[in-house]
Amino acid sequence: MPCCCWQSGGYFRFFPLWFVKRAMAKNSYNMCYFHIADLLVENNGVMSKGDYENYFKEPGTLINRYKRYVKSNLGKAGAFEKMTALISSTDFINVETADRLIDWEIAAVVDFESGLSLALP
């Protein structure tokens, strides 16, 4: 039972809607979640070196700060409209209902320590 998780923070914002829909159609179930910060168009600009280092606890080099800026803002301009289009064109259920419908005896298991997908016996 393949699963695919789509989220607004990066992949959803980066890929066009037709690509997301095509990828979702290949799976027996998908999970989507959206963070409000990824749907707001506001742009705070490149962080100062001090703010970056305080928040991310890593060197605030110009390259690191610009990479974070691009990662945080790429595709935000159309993300809300894309999410709205996905929701209006796709049948979704809540997690509680999905939990009841999924046959967990045959669902794949991910070992987070090794990063491998392991099938249940």
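Points worth noting:
- If you go through region 86-109 and pick out every residue that is within 20 Å of Val20 (Cβ to Cβ) and surrounded by 14 or more Cβ atoms within 10 Å (Cβ to Cβ), you end up with 1.
- Selection count where residues are among the acidic types (Asp, Glu) and either under 23 Å from Ala98 (Cα atoms) or exposed (fewer than 11 other Cβ atoms within 10 Å of the Cβ) (or both), scope region 27-56: 1
- Scanning region 13-26 for residues that are surrounded by 14 or more Cβ atoms within 10 Å (Cβ to Cβ) and without any contact (Cβ under 8 Å) to a residue 40 or more places away in the chain, we see that the one that is farthest from Leu74 (Cα to Cα) is Ala23.
- Among the residues of region 59-84, those identified as among the aliphatic types (A, V, I, L, M) and either in contact with a helix residue (DSSP H, G or I) (Cβ under 6 Å, 6 or more places away or on another chain) or within 17 Å of Tyr11 (Cβ to Cβ) (or both) are Val70, Leu74, Ala77, Ala79, Met83.
Laboratory data are not the source of any read-out in this text; all were calculated from the coordinates shown. Source: prediction; values computed, not measured. As a convention, Cβ positions derive from the backbone with ideal geometry for all residues, glycine included, and neighbour counts pool all protein chains shown.
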